[in-house]
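Visitor: Mind looking over this structure? Questions follow.
The values are calculated or read from the model by the stated rules, or taken from the named source; none is laboratory data. What you see is a predicted model, and the numbers here were worked out from it, not measured in a lab. Here the Cβ positions follow ideal geometry from the backbone for every residue, glycine too, while neighbour counts run over all protein chains shown. Quick note on the areas: whole protein, heavy atoms, side chains included, nothing else; ligands and nucleic acids left out. Shrake-Rupley method; radii C 1.70, N 1.55, O 1.52, S 1.80 Å.
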Amino acid sequence: MNILRKIYYFLLDTVQTFLIAAAVFLVIYIVLFRPFEVKGESMYPNFHDNEYVLTNLIGFEDLGFYHAQFGSLKTGDVIVFKAPTDAEKDYIKRVIGVPGDTVSLRNGKIFINGSELNETAYLKPDVKTYPGNFLTADKEVIVPENEYFVLGDNRLNSSDSREWGFVKKTGVIGKSVFVYWPIARMGLIKNPY
C-alpha cells in the first residue's frame, strides 16, 4: 500500500510539473515571444531562407478583445507583420520610415526627410534601391500616423513598401530580436541606428 501511495504522489507531481511548464510556455508564446521562420531571400544577406528568429510580441499582440500597442518602432528595426497583400502570410522587413517621415528615392538611394539614409551598416555601399508601383523615382511620400514604410534588405528581390505602400501598426506582429537557428548564425538582432 505504501508503494502505491508513493507511485500516486510521484505521478501527481509529474503531472503538476508538466502542467506548470505548459502554462509558462503558453504565456511566453502567446504574450511575450514567438518564433518565426524566414522564408525566401528578401532579407538576404542579413537573414537567410529557413532561418528562425525570435520575435518580441510585447506591445504588438492582437488578443481579439484588444490590440496592445506599447512598442515604439524606429528606423532600422526588423519587424514581422501580416502581409498587406495576403493576411495569411507573415513578412519580415526592415523599418525605413516611421510616422511623419518623408520618404523619397533618388538615384538608387533612399532619402528620409531630405537626407540620404546611410544603410552601410547592413547593406553594401553599391546596393541600389529601385522604384516600384507605390514609391516611384523622385516621388515623396509621407508616412501616415500609425503606419510604417518598410524595405527588404535584398532590394532586387523583395516585395515591400515600394510596391504596396505602408504597413499599418495594427498589422505588426512584433519586433525580431534574436536569430536562434541555425546555431552558426545565432545572435541578437541589433538596430544599426
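Visitor: Filter the range 46-78 down to the residues that are part of a loop (DSSP other than H, G, I, E, B), at pLDDT below 60 and not hydrophobic (A, V, I, L, M, F, W, C) and list them by number.
Guide: Correct list: Glu61, Gly64, Tyr66, Gln69, Gly71.
Visitor: On to the next question. Output the number of the condition that Lys89 fails; it satisfies all remaining conditions of (1) in contact with a Phe, Trp or Tyr (Cβ under 6 Å, 6 or more places away or on another chain); (2) under 15 Å from Val38 (Cβ atoms); (3) of a type outside the set (A, V, I, L, M).
Guide: Checking Lys89 against (1) in contact with a Phe, Trp or Tyr (Cβ under 6 Å, 6 or more places away or on another chain); (2) under 15 Å from Val38 (Cβ atoms); (3) of a type outside the set (A, V, I, L, M), the one that fails is (1).
Visitor: Could you look through the range 99-134, keep only residues that are of a type in the set (A, V, I, L, M) and open to solvent by 20 Å² or more (accessible area, probe 1.4 Å), and pick out the one that is farthest from Thr170 (Cα to Cα)?
Guide: Checking each candidate, the answer is Val127.
Visitor: Please go through (1) part of a loop (DSSP other than H, G, I, E, B); (2) more than 15 Å from the chain's Cα centre (by Cα); (3) of a type outside the set (S, T, N, Q); (4) within 18 Å of Gly76 (Cα to Cα) for Leu156 and return the number of the only condition it doesn't satisfy.
Guide: If we test Leu156 against (1) part of a loop (DSSP other than H, G, I, E, B); (2) more than 15 Å from the chain's Cα centre (by Cα); (3) of a type outside the set (S, T, N, Q); (4) within 18 Å of Gly76 (Cα to Cα), just (4) comes out false.
Visitor: Additional query: Output the residues belonging to the range 30-45 that are of a type in the set (A, V, I, L, M, F, W, C) and either in a strand (DSSP E or B) or open to solvent by 80 Å² or more (accessible area, probe 1.4 Å) (or both).
Guide: Phe33, Phe36
Visitor: Is there any pair with a first residue in the range 40-59 that is without any contact (Cβ under 8 Å) to a residue 12 or more places away in the chain and a second that is among the aliphatic types (A, V, I, L, M) whose Cβ atoms are under 8 Å apart and which are 6 or more apart or on different chains, and what are they?
Guide: Asp49/Val38
Visitor: Report the residue count in the range 135-146 for those that are touching a Phe, Trp or Tyr at 6+ places or on another chain (Cβ under 9 Å) and surrounded by fewer than 20 Cβ atoms within 10 Å (Cβ to Cβ).
Guide: 4
Visitor: Just to be sure, is Lys190 open to solvent by 50 Å² or more (accessible area, probe 1.4 Å) and at pLDDT below 95?
Guide: Details: open to solvent by 50 Å² or more (accessible area, probe 1.4 Å): yes; at pLDDT below 95: yes.
Judged against the criteria, Lys190 is a match.
Visitor: Which one is farthest from Ile92 (Cα to Cα) among residues in the range 1-29 that are modelled with pLDDT under 85 and open to solvent by less than 70 Å² (accessible area, probe 1.4 Å)?
Guide: Leu12
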